[in-house]
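Since the structure comes first, as structure tokens, the remarks are kept for the end.
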Amino acid sequence: MQKNLSIRWHSRAGQGAITASNALAEILGNHGKFVQSFPDFGAEKRGAPVVVFNRIANQIIEDVSHPTKIDIAVLLDPSLVSSCEITTEKLLEGLENRGILLVNSGQKKLKMGVGAAKVFGIAASEIAVVEIGKDIPNVPILGALVRILELAKMESFATELKKYLSAHLPPEIVEGNLKAFKRGFEEIGEIEGSKNLPKKNYQNLPNWKEITKGGTIHKSGSSEKYKTGNWVRQTCEWQKKTCVNCNLCWPVCPHDAIQTDSKGNMIGVDSEKCTACGLCVVACPTKPKSLRIISKKSSEI
Ligand code: SF4
Ligand code: SF4
């Protein structure tokens, strides 16, 4: 292993990059490596961009700065490049020609990867939905990353991962995650890059790093503009017939997804903003008739 190996994860809050990075650090740490794991994010909000770093070494790591030379960049959500402030240049920053880009994608060709020596893909969201019932792609991506790193055998890492997850999750979810981890390890594939990059839709919006720390949010702000739900495989479905128009769902939605008319009457849920968090379902007095979480059709994703 080289002296110091750096990984940078690009994710949205809620996709589990911090958990995966911490699990990687703890498990490799238990196997004699010295590992750092630290995130870098602004106002935490599901769907907002998050960056997480790992450093892995065979000796104590004294450098606590953000790594500038990156060996592996991990992208948990390709739509970050088109709908948030991450550019492909930022994604590949520090990678140079020796780096690896690992992307949550089952496609054979991808419109990114310029400058990275190798681009690998794994259909992590699809695997997560099948194995754990939720679009949280961190564990399948972790499986693919462990395969790239070649620092541990799949079975021994999976055993440690089971211990790690069991401290936080119920047994049935742990089992689903272990299946997702193994599939990530086994189903990773190399994909081609190209120079045609996705266009950014929101170039002029302030990004999460520009929000004043400790500031007061007076209105839904970026929730009105960001399509915080277009990366999620699930959404919330509303039934007009049973809705009593109490409006209890509206104030609990963190993403401005509950739609009302000019008189304040409930008229639907915006699936491009809804992250399927389920808070409105909990608040609804007629649940699960009026509001319930459903899977999106593949054409809607
Ligand atoms: S599940 Fe409900 S509360 Fe959560 S984002 Fe969707 S509409 Fe809003
Ligand atoms: S909380 Fe339920 S019943 Fe009340 S407005 Fe929302 S969907 Fe309708």
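Before moving on, here are some points about what is shown:
- Alpha-carbon Rg/Rh ratio, for the range 4-190, with Rh computed the Kirkwood way: 0.93
- Taking the three principal axes of the alpha carbon atoms in the range 220-300, the coordinate ranges are 30, 27, 19 Å, sorted in descending order.
- Modelled FRET efficiency - R0 51 Å, Ser156 with Lys289, Cβ distances, 0.05 increments: 0.60
- For the residue pairs Lys134/Lys273; Lys69/Lys153; Lys273/Lys296, alpha carbon separations beyond 19 Å are given by Lys69/Lys153.
- Peptides 54-64, 144-154, 272-282 ranked from most to least packed by the mean count of surrounding Cβ atoms within 10 Å: 272-282, 144-154, 54-64.
- Summed side-chain charge close to Gln259 - residues other than Gln259 whose Cβ falls under 15 Å, Lys, Arg +1, Asp, Glu -1: -2
- Net length gained if the chain between Glu186 and Gln259 were fully extended (0.36 nm per residue, minus Cα distance): 22.1 nm
A short reminder: the numbers here are calculations on the coordinates, not readings from a lab. Everything numeric in this text was worked out from a predicted model, so none of it was measured. Positions of Cβ are generated from backbone atoms using ideal geometry, with glycine treated the same way; all protein chains shown enter the neighbour counts.
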